[in-house]
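These notes are about the structure you will find just below.
What follows is calculated from the coordinates using simple rules that are stated; it is not laboratory data. These numbers come from a predicted model, not from an experiment. Note that each Cβ is placed from the backbone with ideal geometry, even for glycine, and that neighbours are counted across all protein chains shown.
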Amino acid sequence: MLMYVSTRGGTAGLSAAEAIQAGIAKDGGLFVPKDLPQISCEILQDLIHANYQERALKILQVFLPDYSQAELIDCIQTAYGGGKFDCQEVAPLVAVGDGKYVLELWHGPTSAFKDMALQLLPRLLSKALTKTRVSNHIVILVATSGDTGKAALEGFKDVPQTRIIVFYPYQGVSEIQRLQMVSQKGNNVSVVAVKGNFDDAQTGVKSIFNQSAFNAELDRQGYQLSSANSINWGRLVPQIVYYFSAYADMVQGGYQTMGQPVNFVVPTGNFGNILAGYYAKRMGLPIHRLICASNSNNVLTDFLHTGVYDRRRDFFKTISPSMDILISSNLERLLYHITEQNAKQVAEWMEQLMKTGTFSIGSRYSSVLSGIFWADWVSDSQTMETIKETHETYGYVVDPHTAVAWRVHDRYKQQTEDKLPGIIVSTASPFKFNSSVLQSIQDAADLSEQNEISLLQAVSRVSGLKVPKALAELEHAPIRHRTVCAKEEMEAVVRKILAVKE
Ligand SMILES: *Cc1c(COP(=O)(O)O)cnc(C)c1O
């Protein structure tokens, strides 16, 4: 049976349910499958005429052998079925022309790609609790700068044996993001504004995780804290599915013949998305290159070019904020696999990174990476230019994250003359980043006077797409969450929400 081990060697032989329930390994490492499973040509062939849910079942079965088929089907149906996504295909592939294909990962309930994973993770976790006989309720604490919080709320809403509390910076998120969160429905959800910025909220959450007395007390009262961030294996594994699904759609659409390679271009932050592509490639999916696209926080571009990871650099706030990251936590998993499971080496690098802010993998491993990845980065002004050009040339409107990937793909084609089809992984709906999109397309338009709802309508006009239902409804959605707290009060708020006495 496929087992999970820690990237730092300290934990071995966990089942998938145990790894998902634990989240992070005791030695601080991340859980990875001990052996990388292979997908046969027959299974790949079977995927072509299957729907997304059936494709998900085939892939998840490989990684989660301790879940029964009935359990997986139940998780998959509640995550991706029942009209939760605004299109049948769940993750449609759009042929835009000139060898470019867009994998749209934003048709879920919050119009962001985080839905792909955060719709499934809570259900896998809930089943894991039953399977590992944990009777505590899991309390998910999230500090969010906007998108992750909403996607986590939607994912955990009313999932048995879980509660979720989201902290967002008071006056520090967009109006749409705020409305999305404060109107959140569900019996196990709480949303709290923290008077401070995102870092204050995040520091507050981290300190709650580290209060051992408080955690022991929670445990006595039947609660266990956990996080929904992208280091949990249960958040990574759903992402492998859409690489297979996109390839199956390429074959089904007649854009590529079975067995012939394609490239994927991925707008990257925490390295979760592109790592899922790496797993797909290692499993035998015909991927030639994984192209890693960054914004001016280009720590990964430099790493993939030189083998030196160096986070000691300025941090930029860009118009593709979900990629404004200097520590890509999922990279650790890649390092484990490219060193052929050398946990000792990985632990050393991670320690160097923590102590000095940098580490170097050396030329041997660096050249292994060059054979798999290609990387580049794009400035904000070029991102806006690309949004404008794709609209003018193809009549296709992209959000800033997708535009970064688009531009990097253009450069890749120019510099390598590789003619293989390129699949641009599109991570956000243009509606979610409406003002950047409109500023790019309508030169110098004065948007400051408009409210967020009218901006949605403006994006609808330029793109010809309907405003996503959940966003359109925000204007009149009842407010359900009004708690505001000081940053020092976050623990007290958690106590109050869970009715845990002092
Ligand atoms: C989270 C996110 C990313 C980055 O994905 P990673 O898995 O962290 O690399 C890119 N684009 C959008 C819109 C996101 O929300």
Exercise. Looking at this model, which pairs from LYS114/LYS487; LYS127/LYS432; LYS281/LYS419 are more than 21 angstrom apart at the alpha-carbon?
Worked result: LYS114/LYS487; LYS127/LYS432
Exercise. In what order do VAL493, VAL191 fall by count of nearby beta-carbon atoms within 10 Å, going from fewest to most?
Worked result: VAL493, VAL191
For this session: Let me know the charge dipole size of segment 373-500 about its Cα centre in debye, to the nearest 20, where only the beta-carbon of Lys, Arg (+1) and Asp, Glu (-1) is charged.
Result: 580
Seminar exercise, completed: Dividing the mean separation of Cα pairs under 8 Å (6+ apart) by the residue count of the chain yields a relative contact order in percent of 18
Exercise. Which net charge results when you count Lys and Arg as +1 and Asp and Glu as -1 among the other residues whose beta-carbon is under 15 Å from that of SER183?
Worked result: +2
For this session: State whether segment 54-104 is rounded, prolate or oblate according to the following rule on the C-alpha gyration tensor (a ≥ b ≥ c being the square roots of its eigenvalues): a/c under 1.5 gives rounded; otherwise a/b larger than b/c gives prolate, and the remaining case gives oblate.
Result: oblate
Problem set entry | Debye intensity ratio in log₁₀ form over the Cα atoms of segment 128-197, taken at each q of 0.20 Å⁻¹ | -0.75
Exercise. Taking K and R as +1 and D and E as -1, what net charge do the other residues with C-beta under 13 Å from the C-beta of SER320 add up to?
Worked result: -1
Problem set entry | Span from the segment 445-497 Cα centroid across to the segment 307-383 one, whole angstrom | 33
For this session: Express in whole angstrom the spacing between the alpha-carbon centres of segment 173-194 and segment 69-130.
Result: 22
Seminar exercise, completed: Percent of all alpha-carbon pairs of segment 209-258 at distances over 12 Å, whole number, is 73
Exercise. For segment 179-278, what are the per-bin percents of Cα-Cα distances with bins 5 Å wide, up to the bin holding the maximum?
Worked result: 2, 9, 12, 13, 15, 14, 11, 7, 6, 6, 3, 1
Seminar exercise, completed: Checked segment 156-203 against the a/c 1.5 cut and the a/b vs b/c comparison, axes a ≥ b ≥ c from its Cα gyration tensor; verdict oblate
For this session: Name the residues whose placed amide hydrogens come within less than 5 Å of the amide hydrogen of ILE424, ignoring near sequence neighbours (fewer than 5 apart) on the same chain.
Result: TYR101, VAL102, LEU103, VAL265
Exercise. What area, in nm² and to one decimal, does the C-alpha convex hull of segment 177-218 cast on average over all directions?
Worked result: 3.9
For this session: Can you quote the Å³ per residue value for the convex hull of the Cα atoms in segment 378-448, rounded to an integer?
Result: 87
Exercise. For segment 5-74, what are the per-bin percents of Cα-Cα distances with bins 10 Å wide, up to the bin holding the maximum?
Worked result: 19, 41, 29, 12, 0
For this session: Calculate the tail of P(r) for segment 44-191: the fraction of all Cα-Cα distances greater than 19 Å, expressed in %.
Result: 58
Exercise. Net charge near HIS409, counting Lys/Arg +1 and Asp/Glu -1 over other residues with Cβ under 15 Å of its Cβ?
Worked result: -1
Exercise. Going by the alpha-carbon gyration tensor, a ≥ b ≥ c the square roots of its eigenvalues, is segment 329-466 rounded (a/c under 1.5) or, if a/c is not under 1.5, prolate (a/b greater than b/c) versus oblate?
Worked result: prolate
Exercise. At ILE497 and THR356, where each label point lies 7 Å from the Cα along Cα→Cβ, what is the point-to-point distance in nanometres?
Worked result: 4.0
Exercise. What order do you get for LEU275, LEU44 when you list them from fewest to most C-beta neighbours inside 10 Å?
Worked result: LEU44, LEU275
Exercise. Once you wrap a convex hull around the alpha carbon atoms of the chain, what is its projected area averaged over all directions, in nm²?
Worked result: 22.1
